[in-house]
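Below is one structure; the comments refer to it alone.
The values are calculated or read from the model by the stated rules, or taken from the named source; none is laboratory data. Owing to the predicted nature of the structure, the values given are computational and were not obtained by experimental measurement. We place every Cβ from the backbone using ideal geometry, glycine too, and count neighbours over all the protein chains shown.
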Amino acid sequence: MRWGGGEGSGNIEDRRGLGSVGVGGLGIGGVVLALAGYFFFGIDPSTTMGVVSNVSPQAQQQEGVRGTPADEAGRFVDVVATNVDEVWSREFQEAGQNYRRPESIVLYDRATGTGCGMGQSAMGPFYCPADRKVYLDLSFWQELEQKFGAGGEAARAYVIAHEIGHHVQNLTGANARAERMGAKGAESGSVRLELQADCYAGVWAANAAAVSGGQVSLDPKDIEDGLRAAAAVGDDTLQRKSQGQVMPDAFTHGSSEQRMRWFRKGADAGDAAACDTFGAARL
């Protein structure tokens, strides 16, 4: 993946090394974020509850360093996120609307306060609609490669584009629509939401070079890396690994085949109009 010559916007809040401050106990904020981890990245709520139970959901949201990080991993996030925002700014403009980028991309480690409660690295990357921020613990990159077998910069970029896709859905009202349709099941609002975010990641991949003058671009191999990342976090794949069987009634994100197909659909079309998972006859 090419990105070294790309520009960052500095819309990064780097909280790495800051930790978090709280008084202990699990309150409503912790419940909200437990469900956010479940709803947006397929984390079992019972697992998340166990993670947050010893940390206060009222923990102070310590202010991190604003701007482009000095390290390569942080700069990569800034460049990719900026490019994703530029793609969506153009998409919205072509639709006669104004795009409002996420409030920030928060980099943290272990735990941090969020508008949805206490965030934990065990949740994986997530978007909090309450504060309109994307939260990333960059140790997930190693987990993505070692646990899910999806390494490389394009796979990491797919994750960033997917989470910003949830921000786009928050702006368009898709999040609220999905919540009304339910959070579990092969045809649920959660699955439709996640597959649309995968498709949106594909739309970004198709337009990355055009909005950056070629400074950020993906070749066919990079697209395959993105597809591999999408497949790695399919519900059926994760269920087989964790419990040895597939239970479609418990799906929250869609199967590996669905996630790959919708990512490919967005990448082939390069147009958000192709990503109407809510109106699709076939998911």
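Taking the stretch 198-243 as the range and being closer than 21 Å to residue 272 by Cα and within 14 Å of the chain's Cα centre (by Cα) as the test, the residues that pass are 198, 199, 200, 201, 202, 204, 226, 229, 230. When every residue of the stretch 100-114 is checked against the conditions, none turns out to be without any contact (Cβ under 8 Å) to a residue 40 or more places away in the chain and either over 22 Å from residue 193 (Cα atoms) or polar (S, T, N, Q) (or both).
Each row is one residue, and each column tells you yes or no for (1) modelled with pLDDT of 90 or more; (2) in contact with a Pro (Cβ under 8 Å, 6 or more places away or on another chain); (3) surrounded by fewer than 20 Cβ atoms within 10 Å (Cβ to Cβ).
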site: 194; (1), (2), (3): yes, no, no
site: 206; (1), (2), (3): yes, no, yes
site: 209; (1), (2), (3): yes, no, yes
site: 213; (1), (2), (3): yes, no, yes
site: 216; (1), (2), (3): yes, no, no
site: 229; (1), (2), (3): no, no, no
site: 234; (1), (2), (3): no, no, no
site: 239; (1), (2), (3): no, no, yes
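Taking the condition at pLDDT 90 or above, within 19 Å of residue 279 (Cα to Cα), crowded, with 23+ Cβ neighbours inside 10 Å and not acidic (Asp, Glu), does residue 166 pass? Yes.
Which residue out of 150, 183 is touching a helix residue (DSSP H, G or I) at 6+ places or on another chain (Cβ under 9 Å), assigned to a loop (DSSP other than H, G, I, E, B), at pLDDT below 95 and surrounded by fewer than 19 Cβ atoms within 10 Å (Cβ to Cβ)? Answer to the selection: 183.
Scanning the stretch 35-92 for residues that are more than 30 Å from residue 212 (Cβ to Cβ), surrounded by fewer than 17 Cβ atoms within 10 Å (Cβ to Cβ) and modelled with pLDDT of 50 or more turns up 60, 62. For the stretch 257-273, a residue qualifies if it is under 18 Å from residue 185 (Cα atoms) and in contact with an Asp or Glu (Cβ under 6 Å, 6 or more places away or on another chain), and the qualifying residues are 259, 262.
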